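Student: Please find one structure pasted underneath; my questions will follow.
The values are calculated or read from the model by the stated rules, or taken from the named source; none is laboratory data. As the structure is a prediction and not an experimental result, all values here were calculated from the model. Using ideal geometry, Cβ is built from the backbone for each residue, glycine included, and neighbour counts are taken over all protein chains shown. We work out accessible area using only protein heavy atoms, side chains counted, and drop any ligands, DNA or RNA first. Shrake-Rupley method; radii C 1.70, N 1.55, O 1.52, S 1.80 Å.
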Amino acid sequence: INYEKGIASAYLNIGVLLSNEGKHKESQDYNRDALAIFRKLDNTFGVITSLSNIADSYLTTNDLDLAKQYLDTARMMSEEDDDTFHLQMIYEGYAKLYRKKGDYKNALEYFDKFIAIKDSLFISESAQTTADLEARHNLLKTEKELELFKKNEEINALQLTRSRTFLA
């Protein structure tokens, strides 16, 4: 079966593993292969992920000009897509890039952007978790009330049966 999205995702995963092992050239090759497939499939999420991974690899090897090129492309696509998930990682990449260049003003600016998005995502996730917990609590409460109502109905039915038996 020729499942191209799955193949591209596998290339991304292999690229990450190779990068973690310090094999950055090989990692870049796998990420470029994934990038080509994701572009062919018009899969924006996959394209941005590939670009970000390649940029991160270049940052690690101190090829800062190439890292910036890939970050710029990923940032542009993420901003067009309003993709805060990737923007968080991209802004962190820019912070690293500018820190390595000794441009601490821009490094701090992008680090602040990274933290702002990270905090925003955390707050959003926390709000969702709170809403989920409240919904679960309300469901359990309703289930217990229903169970109590059924028990009361059983008690009333038994009392009615007992009264009828006593009167008969």
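Student: Within the set K25/K118; K25/K113; K68/K113, which residue pairs have Cα atoms separated by over 21 Å? Before the final figure, lay out each step's value.
Tutor: Working: K25/K118 30 Å; K25/K113 29 Å; K68/K113 17 Å.
K25/K118; K25/K113, as the Cα separations exceed 21 Å there.
Student: With charges set only on the Cβ (+1 for Lys and Arg, -1 for Asp and Glu), what does the dipole of the stretch 81-150 come to about its Cα centre, in debye to the nearest 20?
Tutor: Numbers: 11 positive and 14 negative charges, 81 e Å.
For this selection, approximately 400 debye.
Student: Could you compute the FRET efficiency for L133 and D82, with r as their C-beta to C-beta distance and R0 at 30 Å, rounded to 0.05? Don't skip to the end; give the middle numbers.
Tutor: Working: r = 28 Å, r/R0 = 0.92.
That gives a FRET efficiency of 0.60.
Student: I've got another one for you. Carbon and sulfur: what percent of the stretch 38-168's accessible surface (1.4 Å probe)?
Tutor: Working: 5080 of 9220 Å².
Here carbon and sulfur together make up 55 percent of the probe-accessible area.
Student: Quick check: the angle from helix 44-60's long axis to the longest principal axis of the chain, C-alpha only, nearest 10 degrees?
Tutor: 50
Student: Separate question: Over the chain, what is the mean sequence separation of C-alpha contacts under 8 Å (at least six apart), divided by residue count, expressed as relative contact order in percent?
Tutor: On the way: 145 pairs, mean separation 20.6, N = 168.
It rounds to 12 percent for the chain.
Student: At 222 nm, what value in deg cm²/dmol follows for the chain if DSSP H runs of at least 4 each add -39500 (n - 2.57) and the sum is divided by all its residues, to the nearest 500? The partial results should precede the final answer.
Tutor: On the way: 6 runs with 151 residues, N = 168.
Value at 222 nm, helices only: -32000 deg cm²/dmol.
Student: Working out 0.36 nm times the residue gap between K141 and K40, then minus their Cα-Cα distance, what length gain in nm do you get to one decimal?
Tutor: That pair, K141 and K40, stretches by 31.3 nm at full extension.
Student: GluC sites (Glu not before Pro), restricted to the stretch 1-82: which are DSSP loop and have at most 11 other Cβ atoms within 10 Å? Can you show the working numbers first?
Tutor: Working: sites: E4, E21, E26, E79, E80; in loops: E21.
Answer in residue order: E21.
Student: Using +1 at the C-beta of Lys and Arg and -1 at the C-beta of Asp and Glu, which of A95, F149, F38 has the Cα lying farthest in the positive direction of the dipole of the chain?
Tutor: Sorting the options by dipole projection puts first F149.
Student: Taking the Cα centre of the chain as origin, sum charge times position over the Cβ atoms of Lys and Arg (+1) and Asp and Glu (-1), and report the length of that vector in debye to the nearest 20.
Tutor: Working: 22 positive and 28 negative charges, 104 e Å.
Rounded to the nearest 20 debye, it is 500 debye.
Student: If one takes the longest principal axis of the Cα atoms in the chain, at what angle in degrees, from 0 to 90 and to the nearest 10, does the Cα axis of helix 64-81 lie?
Tutor: So the helix axis and the longest Cα principal axis differ by about 40 degrees.
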